[in-house]
Amino acid sequence: MKTPQPLLSLRTPSAAHENGDVRGISVMMHHHAGRKTLRWICHIAYLCAAVCLLPAQAATPAIISDNAIFKPVQAQQAMVVADEPLAARIGLDLLRQGGNAVDAAVAIGFAMAVTYPRAGNIGGGGFMLIHQADKHRVTALDYRETAPQKAHRDLFLDAQGQVDGQLSRFSPLAVGVPGTVAGLLLALEKYGSLPLSRVLTPAIQLAREGFPVSPDLHQALQSRRQHLSAAAQQVFYHDGQALAAGQTLVQKDLAATLQRIAEQGRAGFYSGDTARLLIADMTAHGGIMSLADLAQYQPVLRTPVQGEFRGYQVYSMSPPSSGGVHIVQLLNLLSAYDLRTLGHNSAATIHYMAEAMKYAYADRAKYLGDPDFVSVPVAGLTALEYAQQLRKNIDPQRVTPSKDISAGQPPGYESPQTTHFSVMDAAGNAVANTYTLNFSFGSGLMAPGTGFLLNNEMDDFSAKPGVPNAYGLVGGEANAVAPGKRMLSSMSPTIVLKDQKPFLITGSPGGSRIITTTLQIILNVIEHGLNLQEAVNAVRVHHQWWPDELSVEQGLSVDTYHQLQKLGHKIKESPWAMGAANSILRAPDTGRLHGAADPRRSSAVAVGF
Ligand code: DON
């Protein structure tokens with residue numbers, strides 16, 4: 001295919017690397033400068049970078065140039081990048097003591113249920129991708145929540161047949177059967193090396209003895225108060241006030257629940273006291289989840305979705321997540337364009353990305369669902385021939401309106417919180433884990449005596465064909481509610497290999513934006529040659545077919561805006577920063593590990609040794 005000409009004549013291949021830096025300046029400045037001033041600063045910095053063409057940089061991904069403004073944390077042997085420092089440290093300590101990446105990931109998963117309650121959880125679910133160095137194998141672990149047996153297709157419709165968002169988001173019916181405990185235990189049993197008690201002890205201690213509330217946690221609690229149930233408020237608030245930064249948060253009931261898990265394994269959660277406390281409270285408040293639902297919950301090992309991009313092997317989460325399928329589909333679609341030459345975040349590059357994204361999300365709405373219930377055409381959607389066919393519809397000079405791509409309906413709102421962490425050990429084992437309660441603090445519900453928050457993942461089902469969920473995502477039959485079924489997800493833990501060795505470990509929260517965020521990390525590193533921190537920090541864009549608008553983070557240059565508008569894009573500056581892609585990269589030449597915590601989450605850290 002002939003490479004289309006750049007739309008912005010200022011962009012040149014040799015300026016591509018500096019563009020990352022220019023973007024970096026804009027991201028840093030926006031805290032200090034007003035919007036208009038910022039745009040001017042971006043504009044001038046951008047012109048300077050383009051005009052003062054510095055010598056071309058090597059395109060090799062993973063190179064950290066001396067003059068880069070953002071640089072990843074570096075380590076020789078092992079690395080953890082996560083949203084919360086106490087939990088990250090726990091993982092790192094285990095790695096130092098000879099635990100492998102899975103031991104560390106499981107310990108972090110349990111610890112974040114204590115220290116990062118808005119998204120870290122044992123009352124939710126998620127997905128884990130695991131690279132086993134000795135077997136050269138990547139496995140996908142699905143511990144997504146399931147619908148209770150009494151759930152049915154029209155569970156969230158009122159008497160008039162309208163979707164009741166309150167029911168699917170904040171009532172006991174919103175809660176899917178939690179998968180996290182079963183998932184983490186299975187990961188440890190199959191791929192870990194340490195005993196459960198050792199991996200759980202740090203989390204139990206943090207819950208029992210408490211830890212100082214961070215400014216970040218204080219703020220999260222303050223903003224979500226009206227959304228948390230009485231039992232949850234008792235844990236996190238004193239006299240009606242969110243615990244202040246520096247105060248000690250003790251979670252005795254949570255410590256007891258974790259202790260039961262340490263002693264009895266999955267029975268400590270899915271039966272016995274924990275299960276009884278949980279089901280008694282749900283039943284008392286009109287819930288439908290039963291003891292049998294808990295007892296029957298099973299995590300599933302699946303084959304990850306695999307694709308190839310510029311000589312790298314991309315592994316990502318298979319259905320019931322849509323993430324892997326659409327990341328590979330999008331990479332296939334975009335592989336025919338020389339995005340590097342067009343320039344990172346140039347109007348031309350963003351145009352191709354946005355157009356491709358619409359086709360991917362249109363397919364998502366139609367085809368994606370739980371593969372144990374519907375047949376998902378994974379092979380077809382990720383085939384190069386299919387990408388070629390779709391690409392014919394993409395016009396380099398003009399937007400195709402979403403209505404001409406397929407039918408659907410406008411948006412909803414996002415209340416972010418999910419969390420992604422990446423771990424890598426000295427042997428080359430790697431874990432990418434994304435787990436969630438769905439919203440920040442999930443449904444806000446907590447069964448008295450259990451100490452853990454419950455998810456509201458049921459809202460990820462399509463309550464009614466064509467009616468958007470909280471992320472504005474539409475779906476149909478494939479993602480309808482059914483007993484025992486897993487709701488469709490966008491979570492995309494991803495491991496990219498180069499020559500059979502892990503190269504990039506990534507993934508993100510962000511609801512519908514998870515897929516496009518993860519895609520942009522891969523493109524920023526492999527296609528645009530940004531170092532990992534630049535790749536993570538860079539301004540992100542997103543299109544999800546419906547609503548028909550291109551959503552962009554703050555800091556895109558004003559001339560890029562205008563160019564995109566000329567092509568017909570309806571641009572909306574996102575009121576939220578998109579995602580939090582805590583990532584690790586292993587430099588193929590030196591073997592050094594680069595860790596990039598996403599600055600969009602103020603508590604995120606990269607730690608290594
Ligand atoms: O599984 C999903 O796709 C959503 N429940 C994830 C929610 C999320 O990422 C919220 N985050 N920031």
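The values are calculated or read from the model by the stated rules, or taken from the named source; none is laboratory data. Nothing here was measured: the structure is a model prediction, and the numbers come from that model. Heads up, the Cβs are rebuilt from the backbone with ideal geometry, glycines too, and the neighbour counts pull from every protein chain shown.
Side notes on the structure shown:
- The one condition from (1) surrounded by fewer than 24 Cβ atoms within 10 Å (Cβ to Cβ); (2) out of contact with any Pro (no Cβ under 9 Å at 6 or more places or on another chain); (3) touching a residue at least 12 places away in the same chain (Cβ under 8 Å); (4) more than 21 Å from Pro320 (Cβ to Cβ) that Tyr116 does not meet is (1).
- Test: residue in segment 90-101 that is surrounded by fewer than 17 Cβ atoms within 10 Å (Cβ to Cβ), farther than 23 Å from Ser603 by Cα and either modelled with pLDDT under 95 or of a type outside the set (Val, Ile, Thr) (or both): yes
- Candidate set from segment 426-456 (those that are polar (S, T, N, Q) and within 15 Å of the ligand (Cβ to nearest atom)); member that is farthest from Ala101 (Cα to Cα): Ser443
- Flag not set for Thr400, criterion: β-branched (Val, Ile, Thr), modelled with pLDDT of 95 or more and not in a loop (DSSP other than H, G, I, E, B).
- Among (1) over 19 Å from Gly125 (Cβ atoms); (2) more than 16 Å from the ligand (Cβ to nearest atom), the one test that Gln520 misses: (2)
- Candidates are the residues of segment 119-140 that are small (Gly, Ala, Ser) and assigned to a strand (DSSP E or B); the one that is farthest from the chain's Cα centre (by Cα) is Ala140.
- Glu553 meets all of the listed conditions (1) touching an Asp or Glu at 6+ places or on another chain (Cβ under 8 Å); (2) without any contact (Cβ under 8 Å) to a residue 24 or more places away in the chain; (3) not small (Gly, Ala, Ser) but one, namely (2).
- Any hit, segment 563-580, residues being farther than 30 Å from Lys403 by Cα and either within 16 Å of the ligand (Cβ to nearest atom) or assigned to a strand (DSSP E or B) (or both): yes
- 3 or more residues crowded, with 21+ Cβ neighbours inside 10 Å and at pLDDT 95 or above: qualifying helices (runs of 4 or more DSSP H) within segment 286-358: 323-334
- Some residue of segment 230-239 being among the acidic types (Asp, Glu) and either within 30 Å of Phe503 (Cβ to Cβ) or under 26 Å from the mean Cα position of the chain (by Cα) (or both): no
- When Asp459 is tested against the conditions (1) under 26 Å from Ser574 (Cα atoms); (2) acidic (Asp, Glu); (3) away from the ligand (no atom under 12 Å from the Cβ), the lone failure is (3).
- Considering segment 448-484, the residues that are farther than 24 Å from Asn121 by Cα and β-branched (Val, Ile, Thr) include one that is modelled with the highest pLDDT, namely Val467.
- Yes/no for Gln160 being free of Cβ contacts under 8 Å to residues at least 12 places away in the same chain and part of a helix (DSSP H, G or I): no
- Filter result for Gly179 (at pLDDT 95 or above, crowded, with 24+ Cβ neighbours inside 10 Å and more than 27 Å from Arg96 (Cβ to Cβ)): yes
- Residues of segment 470-498 that turn out to be within 12 Å of the ligand (Cβ to nearest atom) and closer than 15 Å to Leu173 by Cα, as a count: 2
- In this structure, Leu194 does satisfy being outside any helix (DSSP H, G or I) and modelled with pLDDT of 95 or more.
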